[in-house]
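Each remark here refers to the structure printed beneath this line.
Each reported figure results from applying straightforward, stated rules to the coordinates on display, with no laboratory input. Since we're looking at a predicted model, the values are computed, not measured. All Cβ positions, even for glycine, are placed from backbone atoms using ideal geometry, and neighbour counts span all protein chains on display.
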């Protein structure tokens, strides 16, 4: 049971504010914002998502730079409220197509309409985009998606890939196409976030895949859908440490540690043939989340060397090798490395003929940054940097620098080898052939090499 | 709604402050009010939007109330909705004007369109104006009977709103029983869920004054209701599922087969993508199996994977909430998670609130088999760019060292920290080495060699400096330079800002003096002089004390200041086990995140429904100073800080009986520990019985009422009962102890407990005394039912003696 819900901009302005139970005093938005902004004097730490000020509990999640906040005086389930806040953000996005400050401000009346139906007197009524459709009468004011920063994991498909209709993922569930006809299509995205930590000698210390099968359906008439996954998929590893790599490698099967499913998913035949059956609700939702610690081949190998090169000088060499097939290209790659605090300057040397690469020394937080627009599978890239120190170092220089971290996106590639074998839409007419987009993408969550 | 007008607030172009805009709007609204021109709805929409946007940013637009109502005569649903929103906001401050809206809202409640009926009814109930409640009863009554589920859904919550405006109107109209009927019969699950929410709130609020409501509240967790809801669980929305699951945690099954049935039924809820559903299910599993140790362990194994999946699949905020719960579980069962320690490794891009929790978990799961790897990982973080986390990591290494038997490797690592030459690393490591030496004096040789190399000039943080000074004093015989380092520190006395450091310096110089008098004498003199002249009271007092005791007798001084020490075997835990159990009882709530039981951060009136536990908790806290049991406990805790385990064992021995009893009960789930003991000829009570409030609450919840009676108090007793304390003392002399009491004349409420002599069987009593009628309502619950009559007699006779000299 919550008392108030509000959305604040980055500057702390109320964009929407709904009081459901008038139990919390009126200044709560300001109290909240001040608390979050000045959580610790040194500004080094973020406020936790839940805190209590004078008996009022404040919950918040950050979505596209906006703060979605709920307050209550009751000892509620925190995951329920945080989950709810995320869900409200998702529902709003489903309606507005694009969720950001601008679209919220333009459509706040619609958002109020939604909020009135989602929560009544503090109790959640529904968060189903579909159910809400019959209660919401405002038309969304669509904002120009083209000039916006892409949002959310699925948005990455907008860049570069010509095959994808870019506007689809930013299309409102209630807006009609020009011409009044809705395009029949369904998107299934397999998004994998990978975390890998390499030791200084290049061994893999930990590795994990957190995957989601995300769906967004624009099919009319709510047909049932069957998604078939790898037949040799198995879930759960019996006994022993899940980090026991030997047990799984070489078998070729995909072994997930665990997974969970959206409530619309029926698992009647999942044990038999690994198919998921569902009638997809409107809007974007995760069909299945999964987690895998089974060994996989990391897409990149990172080599890093830092050496003192005379007084007040050091040299850094970072090598990145792409270990995936050459028909696949990683994009928006950024490599970062903290250098000793007393580094005053850094000069860079890229390999000859390097295109689409940029280098930067972030003075404020003493980090080297190396951006690569594209890395083609099988290729190797090297960066050399010369550091100049403002004072002599006493300690071991490798203890003062690193680790090297990397962010990237690899479309049409997934490390777990989990696949959607087919996507069946149950509809009688033989002429019915909607667009089906099944897309894979791998992203770095925490990709770190120690030095 | 929105914060009060903040005209002075920083202005962005879209946020005008002004009064002129409002009066402008007023004019425009007036012009449109009567108009029937085509397209007028569109212009109205624009105006309404403006009004709502002003309202949102905190500009007071209540002066437009009349005009808004005039404009609301429309069939345009978007307009209607905006108008409802506006009216709902300002009706409370404009009760007279709100009357204007009643008419059109009531009319809309009879509209053909169920959507309009629902909306109007919702708005009508949201006016929150007390003198308009008479207009609510009719529409609510028909709303509850409406053929459309949307209207019923709204009406049910409407009843709850009415209850909050005027409880008596709501109860007099017999709405609660209508809701009860709906809850058990409606075809729409959201209507059912809303009934449940509303009834929980209403009956919890009523329970304090009405017996019947309290029975109704209990009935919500009866087998009938629980099974009815559980059988439909999958039809409920995910949010309503959470509501039902929370209710199920309070249900006490009568036999173990029931427990398995419920768990089998809910098994697949653990695979739900919504973390709230999973956590609610986990709570059911944990609570149901408390009495079955083996199954309880299996539950831990079963819930591990789903929880870990939630941690990694959600946003950082959601991970945080789930991790906090994992943390609680890890603390309760570290061994279950000890092979999963790699899941708690920090990722460089995680927010610090997540990293902190993970560090605590790594500390908790560290055992002989994984310590080496965990400490290696923690050492990586120590060099981290994120300094607060680097500090936490070093502390974590220290904590692991203090809880392990084999600290060889860890001590090496710690000493390496000292050699890293980063100020904050050195500072943290020094504090740790100090604690480590207090526990493992045998390591002093290795440590001292390294500590001796640290220049005190590089140590600035008070805590670290104090630690260094302590070591200099404690091990001055092993550190060549100790007297001289101390001397130079004394010379800079005036530059030392921290009183803590100066206090430590005084003591260290004293200790050094006893070991190496000739070298330290001058430093001691200077330190004492500076100390006596110190403006800080504690420093001054300590210096003076040292000075006088030295003058009195040096060997006595040595015995006082530097007695032979015993190694500390266990450092005091900051949280008592009752608090921990209490938090565990409140699983899947904020208590877990704050690591505090709810009574510490919630006002009484906002405690959740059916939280019987809190009722007592609150009373006992309010009366803590008068409560013998709790004051004893404080004392005990204080002792824990100082005693070694051996000593603790001794003091605990006296309590061991009740301690083991506590566990028995936890596992016995209220079933009599010793069934069917033939009733003893005479009941003797344990004079030193003790019971902690949380166990009491648990038992009270679980046990059936054995006896319920009304006793008459003697006039003397009534006269003596001016405050609850009087009765407490009296009853205690009869070995009946009070766990909580409260109230004011003429109504008092007490919770008592007593324990059978030499047997771990408890009697729990609720006693409500009304001094004006001279009557006492007594409810007795007993673990050993066969003796409840005997106990009742005892209680009655004890009570009857109250007030007699």
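One table, with the values for the structure above:
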{"quantity": "Per principal axis, descending, Cα span of the range A:309-350 in whole Å", "calculated": "45, 18, 14"}
{"quantity": "Semi-axis lengths (Å, descending) of the ellipsoid that matches the C-alpha gyration tensor of the range B:88-181", "calculated": "19, 17, 9"}
{"quantity": "Part-to-part distance (alpha-carbon centres) for the range A:309-327 and the range B:494-544, which is given in Å", "calculated": "55"}
{"quantity": "Convex hull projection area averaged over all views, the range B:16-171, Cα basis, nm²", "calculated": "9.1"}
{"quantity": "Kirkwood Rh in Å, taken over all unlike Cα pairs in the range A:348-451", "calculated": "18.4"}
{"quantity": "More than 16 Å apart - percent of Cα-Cα pairs taken over the range B:73-139", "calculated": "37"}
{"quantity": "Binned Cα-Cα distances of the range B:113-272, short to long, each 10 Å bin given as a whole percent", "calculated": "10, 38, 33, 15, 4, 0"}
{"quantity": "Enclosed volume per residue, in Å³, of the convex hull spanned by Cα atoms of chain A", "calculated": "190"}
{"quantity": "Normalised per residue, the volume of the convex hull around the Cα set of the range B:229-278 (Å³)", "calculated": "69"}
{"quantity": "Viscosity 0.890 mPa s, temperature 25 °C, Stokes-Einstein D of the range A:271-311 from Kirkwood C-alpha radius, µm²/s", "calculated": "149"}
{"quantity": "Kirkwood-Stokes translational diffusion coefficient of the range A:36-120, alpha-carbon pairs, 10 °C, 1.306 mPa s, µm²/s", "calculated": "112"}
{"quantity": "Burial ordering of A:381, B:181, fewest other beta-carbon atoms within 10 Å first", "calculated": "B:181, A:381"}
{"quantity": "Radius of gyration, Dmax [the range B:456-496; alpha carbons; angstrom]", "calculated": "9.9, 28"}
{"quantity": "Kirkwood Rh and Cα Rg combined as Rg over Rh, evaluated for the range B:150-213", "calculated": "0.95"}
{"quantity": "0 to 90° range, to nearest 10: angle between helix A:78-96 axis and chain A longest Cα axis", "calculated": "80"}
{"quantity": "Radius, Kirkwood style, for the range B:724-777 when every pair of distinct Cα atoms is counted (Å)", "calculated": "11.7"}
{"quantity": "Ordering of B:361-374, B:387-400 by burial proxy (mean other Cβ atoms within 10 Å per residue, highest first)", "calculated": "B:387-400, B:361-374"}
{"quantity": "Rg(Cα)/(2.2 N^0.38 Å) for the protein assembly as shown, N = residue count", "calculated": "1.04"}
{"quantity": "Rg in Å to one decimal, and Dmax rounded to a whole Å, for the range A:94-139 via C-alpha atoms", "calculated": "10.6, 28"}
{"quantity": "Distance histogram in 10 Å bins (all Cα pairs of the range B:469-605, percent per bin)", "calculated": "11, 32, 19, 12, 17, 9, 1"}
{"quantity": "Neighbouring partner chain Cβ atoms per residue of A:439-449, average, 10 Å criterion", "calculated": "2"}
{"quantity": "Per-residue average of Cβ from other chains inside 10 Å of B:274-285", "calculated": "4"}
{"quantity": "Ratio Rg/Rh, restricted to the range A:1-75 and using Cα atoms, in which Rh is the Kirkwood radius", "calculated": "0.94"}
{"quantity": "Kirkwood Rh in Å, taken over all unlike Cα pairs in the range B:524-577", "calculated": "13.3"}
{"quantity": "Scaled radius of gyration (Cα, divided by 2.2 N^0.38 Å) that the range B:475-518 gives", "calculated": "1.12"}
{"quantity": "0 to 90° range, to nearest 10: angle between helix A:108-118 axis and chain A longest Cα axis", "calculated": "70"}
{"quantity": "Mean-position separation - Cα centroids, the range B:174-236 and the range B:157-173, in angstrom", "calculated": "16"}
{"quantity": "Other protein chain Cβ atoms within 10 Å, averaged over every residue that makes up B:300-309", "calculated": "3"}
{"quantity": "Cα centroid of the range A:375-416 to Cα centroid of the range B:694-711, whole Å", "calculated": "66"}
{"quantity": "Mean projected area in nm² (Cα convex hull; one quarter of hull surface) for chain B", "calculated": "44.6"}
{"quantity": "Between helix A:28-37 and chain A: long-axis angle, C-alpha atoms, 0 to 90°, nearest 10", "calculated": "10"}
{"quantity": "The range B:319-449 - Rg (one decimal) and Dmax (whole number), Cα, Å", "calculated": "14.4, 44"}
{"quantity": "Space enclosed by the convex hull of the alpha-carbon atoms of the range B:402-543, per residue, Å³", "calculated": "99"}
